[in-house]
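Asks: Take this structure, written in structure tokens, and hold onto it; I'll ask about it next.
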Amino acid sequence: HRDLHYPLRRQRQMCIRDRPERGDVVVFKHSETEDYIKRVIAISGDSILLRDGKFYLNGVLLDESAYLDPSIYTNKGSYLDEGEEIVIPEGMIFVCGDNRPKSYDSRFFGPIPVQDVKAKIWLRYYPFDKFTLIKDPDYQL
């Protein structure tokens with residue numbers, strides 16, 4: 001019985017050994033039946049502020065031009081209001097979808113536990129005409 005569980009535990013440890021970083025696109029458990037794919041905006045200890053449709057990370061305007069069109073306006077949610085600054089608790093991350101106008105993300109449900117992250121996404125294969133490697137943005141903080 002013990003021998004069956006050891007490989008599973010070891011495999012899980014290998015999958016989650018690296019903590020998500022700002023800019024990573026991750027798959028995480030949202031509920032018992034749903035997984036979501038979102039971009040990590042802030043990690044534990046970071047402060048995040050939404051002002052005039054833009055995120056400020058630790059007091060600095062977050063440059064999201066690598067993956068968002070400059071015309072995109074990031075609206076508030078039921079968790080994060082315009083002009084409100086929050087600090088991400090230990091063991092949590094703040095995530096947002098790249099399709100901001102239609103994304104249900106941390107602006108609405110708050111930070112998520114790091115332990116709920118299942119994988120980091122590094123390849124986009126659908127739609128096929130947008131097949132590409134996903135590069136991590138270089139946030140200059």
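Asks: Report the full-extension gain for the segment Lys76 to Arg19: residue separation times 0.36 nm, less the Cα-Cα distance, to one decimal in nm. Let's see the in-between values first.
Replies: Values: separation 57, 0.36 × 57 = 20.52 nm, distance 2.66 nm.
Using 0.36 nm per residue and subtracting the Cα-Cα distance, I get 17.9 nm.
Asks: Continuing with the same structure: Ranked highest first by average number of other Cβ atoms within 10 Å, how do 82-89, 111-118, 20-27 line up?
Replies: 20-27, 111-118, 82-89
Every number in this text was worked out from the coordinates using simple rules, so none of it is lab data. Remember, predicted model here, so these are calculated numbers, not experimental data. Methodologically, a virtual Cβ is constructed for each residue, glycine included, from the backbone with ideal geometry; neighbour enumeration extends over all protein chains shown.
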